[in-house]
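Please read the structure below before turning to the comments.
We did not get these values from a lab; they are worked out from the coordinates using the rules stated. Bear in mind the structure is a predicted one, so any value in this text is a computation, not a measurement. Cβ placement follows ideal geometry from the backbone for every residue including glycine, while neighbour counts extend to all protein chains displayed.
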Amino acid sequence: MELISLIIFLFCAAMAAGSILLLTRLLEERPAPFVRSLFYHNIFISAFGFYGIWGQFIIVALAGSRLSPDTFSTVSVISLLLGLPFLVFGWMMILRFGAEAAGLQFRNYHTLSFLVVNFGIIIGLGFTLRDMDFIDALPVFKYFYATSASAYSFTAALLLIRGRQGSSGKRDRKVLAALIAAGAVAQAAVLLLLPYSVWMGLVFVFLLFAVITLLPLYLTYKAEMPPCPHPDPLQMPQGIDDFIRRHEISPREAEIIAEICNGLSNKEIADKLFISLQTVKDHTSRIYSKTNVRNRMQLMAMVQGLDARH
């Protein structure tokens, strides 16, 4: 069992690292808001998986035989409770991903309401479970996760399917919605139908990391989802003229900087400016060299920060 647990742990670590690397590459190529939200979703869910779930296995392996049953139970309950904030932020980000990919807005009051409700639930769970044994507390965790994860996953799936009128990538959004919903159903089934055992924990945590890996894999290799265009081009910040002169940016390079800040990919910039894709890549490389940045995210941050200096 120890060998099987180690193999699954290594698979989970590989899936977490691979998904983050894929999304990092996607953010460099196409810094769309929905990609950024999925990136943070994967970060938070991975943190919960390693801290809240694999933490239980580590507690058993390292200290299970040295702790009294009461102490071991208390440590296990506290470990799960401390992992729940990562889970809440992960759920919020999957909702943001669903809304942004469909061209909808996830406003600040949505975020605030979500966090207030869910952290209120966590505080309530803390008071409820503070005197319970781990075996008695585990069903509460299982039902909380199954109910909440299913609710938020299906909401994100519905947002993806619904979409804003005129938003692109409908077929790809349906596939992503199906992956999110199927992942939630599979995880809930494992928690609610399998008896508590090491096997239940291993299957659940494997599914947890598999789902967050499938989404960036599909976005990277299958999906064709351009970011929803802004109703109007973004206004370039004050100080952009000084920035262009200081870095000796050519007029064509200035056009490409503006389109990068509007969230367009290299291919979309090439189509819009009627130039080849390789020409866009060459200009972009020179822009990075002149401004001493490594990727689109750094360039956008540099341009957006001009307002703060004027």
* **Cα pair distances in the stretch 240-309, grouped into 5 Å bins until the bin that holds the longest one, percent each** => 3, 17, 32, 27, 15, 5, 1
* Would you mind ranking Glu100, Glu259, Glu2 by Cβ crowding within 10 Å, fewest neighbours first? => Glu2, Glu259, Glu100
* Structure fact -> Surrounding charge for Phe114, neighbours by C-beta under 12 angstrom, Lys/Arg +1, Asp/Glu -1, total +2
* Return the subset of Lys142/Lys170; Lys267/Lys290; Lys174/Lys272 for which the Cα-Cα distance in this structure is over 25 Å, preserving the input order. => Lys142/Lys170; Lys174/Lys272
* Please find, in a Gaussian network model of the chain (springs between Cα atoms separated by less than 10 Å), the residue of Arg252, Arg296, Arg171 whose mean-square fluctuation is greatest. => Arg252
* Length-normalised contact order for the stretch 240-309 - Cα pairs under 8 Å, 6+ apart - percent -> 33 percent
* Asked: Summing Lys, Arg as +1 and Asp, Glu as -1, what charge do residues with Cβ under 15 Å from the Cβ of Leu81 carry, Leu81 excluded?
  -> -1
* May I ask you to list, by number, the DSSP H helices of the chain whose Cα span along the axis is at least 24 Å and whose average Kyte-Doolittle hydropathy reaches 0.0 or more? => 2-29, 69-101, 108-129, 134-162, 170-193, 198-221
* Neighbour-count order for His110, His41, fewest beta carbons within 10 angstrom listed first -> His110, His41
* Size descriptor, Kirkwood hydrodynamic radius, that averages inverse alpha-carbon separations across the chain, Å -> 21.6 Å
* Choice from Gly120, Gly18, Gly263 showing the highest fluctuation, given a GNM over the chain with Cα pairs closer than 10 Å -> Gly120
* Asked: Of Ile275, Ile4, how do they rank once you tally other Cβ atoms within 10 Å and put the fewest first?
  -> Ile4, Ile275
* When only C-alpha pairs under 8 Å and at least 6 residues apart count, what is the relative contact order of the stretch 1-157, in percent? -> 27 percent
* To do: Name the residue, out of Ser153, Ser73, Ser289, whose mean-square fluctuation peaks in a Gaussian network model built on the chain with Cα pairs under 10 Å.
  => Ser289
